[in-house]
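All remarks here apply to the structure that follows.
Derivation of every value follows stated rules applied to the coordinates shown; laboratory data play no part. None of these values were measured; they are calculated from a predicted model. Using ideal geometry, Cβ is built from the backbone for each residue, glycine included, and neighbour counts are taken over all protein chains shown.
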Amino acid sequence: MPTAAFTNLGCKVNQYEIERIAESFEAHGFTVTDFRSAADVYVINSCSVTADADRKSRYMARRAAREHPGSKVVVTGCFAQLALDTQEEVDGAALLVPNSEKMRTVAHVLNAFPDLIQYSSSPAMDDPIAVFPESAPAGLIAIDASGAGPAALHRTRAVLKIQDGCEYFCSFCSIPYTRNTMASRPFEHVLAEARLLAARGAREVVVTGVCVGAYGPETGSGGARLADVLTAVADVPGIDRVRLSSVQPVEIPDEIILAMASHPSIAPHLHLSLQSGDDTILKRMNRPYDTAFFSEIADKLRAHMPQIGLTTDLIVGFPGETEELFENTLAYARKMRFARTHVFRYSPRQRTAAELLKDDVHPEEKERRHRALTAVCVESQRAFAAEHIGQTVSVLTEARGAQDGWLSGYTGNYVRVQFEARGAKRGEIVRVALSDVLPDGDAFGIKEETPTA
């Protein structure tokens with residue numbers, strides 16, 4: 001049988017999709033292997049959110065082709081979509097698959113490389129693409145009710161994609177050009193997959209989408225809205241925790257807040273993408289809110305859930321960001337006390353409105369601002385973790401810790417915890433008594449003797 005290897009760059013949506021793609025290859029007779037091993041086909045699910053993501057996507061394609069010259073390198077995802085749109089070659093790639101066809105990557109591979117068909121379990125096909133079902137909008141397809149499903153079903157923390165597409169057109173972002181079809185997955189499909197996730201051992205489910213807050217009947221949900229999804233998934237037996245992924249600040253109605261505050265299995269954590277703490281820059285970014293609106297939403301969330309963890313993204317060095325405007329972002333970040341922050345250096349993206357603006361912040365200055373803002377955000381992270389010292393918290397164990405004999409995982413409100421394992425295993429939810437905050441902002445504690453289900 002032919003072999004295929006897969007790797008992913010970028011967001012949780014991409015993570016979900018690459019697992020679905022790998023499952024489809026496996027269903028058609030391919031043996032799935034590690035990306036570092038020899039394989040007949042290498043599939044790269046690319047990202048283009050930053051210039052660094054572009055660079056990594058190119059590097060992965062070149063390296064796979066260089067290390068495995070007889071293999072087929074296939075690139076899909078947002079970087080591949082932009083390359084197709086601009087008719088740009090990607091060194092090392094034998095095939096580019098557009099985002100709209102991503103979920104049928106195996107069909108495109110068999111069509112482009114028919115010699116693989118005779119070695120797979122797929123029947124002989126004159127036109128493999130023609131005999132595959134039409135792609136559902138944004139790849140939002142149903143799971144086989146018999147139990148066949150994505151590789152994600154075997155994870156303790158599973159990602160559940162319910163929506164695709166973005167129409168915000170923020171001036172710095174290329175996603176509306178690479179994922180421009182707004183689509184919501186039918187509610188019954190979402191719930192069916194959630195049940196399968198639970199049956200396969202998932203303890204936490206992360207509900208995600210490109211603009212997950214836009215989920216609703218207007219784009220195909222069948223009548224349900226996001227609050228309905230959160231509550232229904234949280235009610236599935238076997239699922240201990242439901243976490244909502246990144247949401248636009250303007251997409252948080254009261255019904256979402258009330259659902260999160262009232263259901264014990266919905267994690268008190270929300271990732272709100274701020275991008276800048278200065279209103280002038282937010283306007284230049286074409287973000288649909290200002291800092292006053294953002295603060296109002298954050299205050300409302302904290303009023304209903306005092307221990308909620310609010311995480312965010314911030315960009316430094318956007319065109320026109322003077323030192324004064326950057327200081328506004330520093331001050332706002334201190335004020336907001338985020339539990340965790342991803343800080344990015346601005347880089348121009350193809351086809352975006354900001355690409356036409358003068359990139360007038362010197363790279364060295366971007367680096368300085370990145371360091372300064374990161375330092376502020378780490379202090380906020382440490383302060384948030386310190387609020388939990390003396391408490392005993394539930395932690396989903398996910399990985400080895402920073403030292404031998406330690407494990408690590410996250411609380412419901414997204415405090416990363418390092419703790420002495422004392423017999424605990426990955427995939428368990430354990431109770432940990434927190435006693436300290438580590439320099440990187442993680443909390444440290446000791447596991448209680450008896451784990452809880």
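Stretching the chain fully between Q391 and K425 yields a gain of 10.1 nm (0.36 nm per residue, less the alpha carbon separation). Rounded to the nearest 0.05, the FRET efficiency derived from the C-beta distance between E218 and D254 at R0 = 25 Å is 0.85.
By the count of neighbouring beta-carbon atoms within 10 Å, fewest first, V378, V159, V395, V343 end up ordered V378, V343, V159, V395. Amide H to amide H, with H built 1.01 Å from N, V242 comes under 5 Å of V205, I266, A267, counting only residues 5 or more places away or on other chains.
Counting neighbouring Cβ atoms within 10 Å and putting the fewest first, the residues C78, C166 line up as C166, C78. For the chain, relative contact order (Cα pairs under 8 Å, six or more residues apart, normalised by length) works out to 10 percent. Rounded to the nearest whole Hz, the Karplus-based 3J(HN,Hα) values (6.51 cos²θ - 1.76 cosθ + 1.60, θ = phi - 60°) of segment 103-109 follow the sequence 6, 10, 4, 4, 5, 5, 5, with x at glycine and proline. For segment 196-316, just say rounded, prolate or oblate: build the C-alpha gyration tensor, square-root its eigenvalues into a ≥ b ≥ c, call rounded for a/c under 1.5, and beyond that prolate if a/b exceeds b/c, oblate if not. The shape class here is prolate. Compared with the direct C-alpha span, the chain from T280 to V378 gains 32.8 nm at full extension, assuming 0.36 nm per residue. Our coupling estimate for segment 347-354, obtained by passing each phi through the Karplus curve with A = 6.51, B = -1.76, C = 1.60 and θ = phi - 60°, is 9, x, 10, 4, 6, 8, 5, 5 Hz, Gly and Pro reported as x.
Residues within the reach of a label modelled at E365 (point 7 angstrom out along Cα to beta-carbon, backbone nitrogen below 13 Å), restricted to segment 318-343, are 318-327.
Under a Cβ-Cβ cut-off of 15 Å, what is the net charge of the residues other than R55 that fall near it, where Lys and Arg count +1 and Asp and Glu count -1? Numbers along the way, then the final one.
On the way: positive: K56, R58, R62, R63, R345, R349; negative: D52, D54, E88, D91.
Taking every other residue near R55 into account, the sum is +2.
Pairs from the table (K12/K72; K102/K358; K300/K358; K102/K366; K56/K161; K56/K335) lying more than 27 angstrom apart at Cα are K102/K358; K300/K358; K102/K366; K56/K335.
Give the residues of segment 311-347 whose amide nitrogen is closer than 18 Å to a point set 7 Å from the Cα of R55 in the direction of its Cβ. Backbone N within reach: 315-318, 343-347.
Size descriptors for the chain (Cα atoms only): Rg and Dmax, in that order, 22.4, 66 Å. The Cα center of segment 407-432 and the Cα center of segment 1-79 differ in position by 31 Å.
Using the Cα gyration tensor of segment 151-386, with a ≥ b ≥ c the square roots of its eigenvalues, what is the shape: rounded (a/c below 1.5), prolate (a/b larger than b/c) or oblate (neither)? Prolate, because a/c is 1.5 or more and a/b exceeds b/c.
Roughly what % antiparallel, to the nearest 5, for the DSSP beta bridges in the chain? Taking every DSSP beta bridge with both residues in the chain, the antiparallel ones total about 35 percent. As a length-normalised measure over Cα pairs under 8 Å and 6 or more apart, the relative contact order of segment 151-386 settles at 17 percent. Over the chain, dividing the summed -39,500 (n - 2.57) contributions of all DSSP H runs of at least 4 residues by the number of residues returns a 222 nm mean residue ellipticity of -10000 deg cm²/dmol. Which parts of segment 331-373 would a label at N180 reach, counting a residue when its backbone N lies under 16 Å from a point 7 Å out along Cα-to-Cβ? Only 350-354 pass the distance filter. Computed 3J(HN,Hα) for segment 194-200, one whole-Hz value per residue from the Karplus formula 6.51 cos²θ - 1.76 cosθ + 1.60 where θ = phi - 60°, is 4, 5, 5, 4, 5, 5, 8, glycine and proline marked x.
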